[in-house]
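Here the structure comes first, spelled out in C-alpha cells, and everything after it is commentary.
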Amino acid sequence: MVDMGYLEKIVVDLYNVKEIDIFPEGTQWKDSVKHYKTLLKTELNNDVELIDECVDVLHDCILENFGKPKKIAAVPEASTTIADVMYERHRVPNVRYRCEYQKYMDVAEFLGKKGMLKAAKEVRSLSDPKVAKTKLHGNGSPLIGIIEKYDRMVIIDNVTSSGKSIIEALDIYNNSAKVYDESLELGENFFIEEAAVFIVNDPAAVEVLENAGICVCYPLTSKSVMEILWDNQEDIIPERRQLLIDNYNILEKEVSIWDSF
C-alpha cells in the first residue's frame with residue numbers, strides 16, 4: 001500500500017512543475033466535446049524523477065488490486081512513457097501501438113486513391129519498424145512488443161475523464177494484433193480486462209469501463225488530488241498556489257458531489 005505522505009509529496013511536486021494542471025473551465029479532447037468535469041490533466045512525460053515515482057505508485061496499485069501483471073498495454077500516445085519506465089523499473093513487458101504506423105498508412109491510402117502509387121509505396125514503407133543500433137523496434141506490425149495467445153494484459157493510462165480513450169485502445173489492440181496473427185481475438189484468446197489509471201477525473205469513467213468488462217484501479221481521483229493540494233499549500237510555489245486559490249471554489253463545488261468517489 002502506498003504511503004499517503006509519499007503520495008501527497010508526489011501530487012504537490014507534479015502540480016508545481018505543471019505535470020498536473022487544472023482546467024476548471026473544462027477542456028476539449030480529440031472528440032471535440034468540451035468536458036466540463038475535466039478538472040485535471042496530467043502528462044507524466046517530462047520530469048524523469050517524478051515519472052519514476054508515479055510509475056512505482058501505479059505499479060503498487062496494480063499489485064495490490066490485480067497481482068503481478070504479466071504484460072502492460074499502454075493507451076496510445078498518452079501512456080507510452082509510463083509503459084517504458086514500468087518495464088525498466090519493474091521488468092513488466094509492454095505492448096505499445098506505434099502511432100506513426102496509422103498516420104503513414106492513412107497518407108499512403110490517400111495517395112493510392114489519387115493514383116500516386118510510387119509515392120504511396122514510399123510513404124507506406126515509412127511505417128516499417130526502425131532499427132536503432134542493432135535492435136529492431138517493432139515486428140512489422142503496428143505494435144512494438146508481441147501479443148501472444150492467452151496473454152492477459154493490464155492497460156494503463158495517465159488520466160481518464162470519460163473512459164473513452166481506454167475503450168478505443170481495446171479496439172486498436174484487437175485490430176493491430178490481427179495484422180501479424182489473424183487468429184488473435186480480444187476476449188477470446190487474449191485478454192485486457194483490467195485497467196490502471198493514475199488519476200480518474202470522474203466516477204462515470206469507472207462505470208463506463210466496468211460496463212465494458214474492465215476492472216479499474218487508481219491511486220488518485222480529481223477529488224483526492226484537490227484535497228491534497230489544498231491541505232499542502234505551504235509546499236506549493238507562489239504562482240501555482242495562487243492558481244489553486246483563485247479556482248478552488250469552482251473546483252470544490254464540482255468535486256463535492258463525488259463524496260463517495
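A compact table of results
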{"read-out": "Distance violations [Cα-Cα > 22 Å] among Lys68/Lys149; Lys223/Lys253; Lys71/Lys178; Lys70/Lys164", "value": "Lys70/Lys164"}
{"read-out": "Other-chain or far-sequence residues with amide H under 5 Å of Val216's (modelled H)", "value": "Ala195"}
{"read-out": "In sequence order, calculated HN-Hα J values of region 233-244 (Karplus, 6.51, -1.76, 1.60; Hz; x Gly/Pro)", "value": "4, 5, 9, 9, 5, x, 4, 6, 5, 5, 4, 4"}
{"read-out": "Label-point separation in nm, Asn175 to Lys68, each point 7 Å along Cα→Cβ", "value": "3.6"}
{"read-out": "Per-residue ³J(HN,Hα) for region 209-217, Karplus 6.51 cos²θ - 1.76 cosθ + 1.60, θ = phi - 60°, Hz, x for Gly and Pro", "value": "5, 5, 5, 8, x, 10, 7, 10, 10"}
{"read-out": "Under-5 Å amide H pairs with Phe190, H placed in peptide plane, nonlocal only", "value": "Tyr150, Glu185"}
{"read-out": "Dimensions (Å) - region 171-229, Cα atoms, principal axes, largest first", "value": "48, 20, 13"}
{"read-out": "Ordering of 243-249, 175-181 by burial proxy (mean other Cβ atoms within 10 Å per residue, highest first)", "value": "175-181, 243-249"}
{"read-out": "Per-residue HN-Hα couplings for region 145-155 [Karplus 6.51, -1.76, 1.60; θ = phi - 60°; Hz; x = Gly/Pro]", "value": "x, 10, 9, 10, 4, 6, 4, 10, 10, 9, 8"}
{"read-out": "Per residue accessible area in Å² of region 152-261, where ligands, DNA and RNA are left out and the probe is 1.4 Å", "value": "45"}
{"read-out": "For Asn94, residues with placed amide H under 5 Å, excluding near neighbours", "value": "Ile72"}
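The values are calculated or read from the model by the stated rules, or taken from the named source; none is laboratory data. This is a predicted model, so every value here is computed, not measured. Every residue, glycine as well, gets a Cβ built from its backbone with ideal geometry; the counts of neighbours run over all protein chains shown. Please note that ligands, DNA and RNA were not included when accessible areas were found on the heavy atoms of the full protein model with its side chains. Shrake-Rupley method; radii C 1.70, N 1.55, O 1.52, S 1.80 Å.
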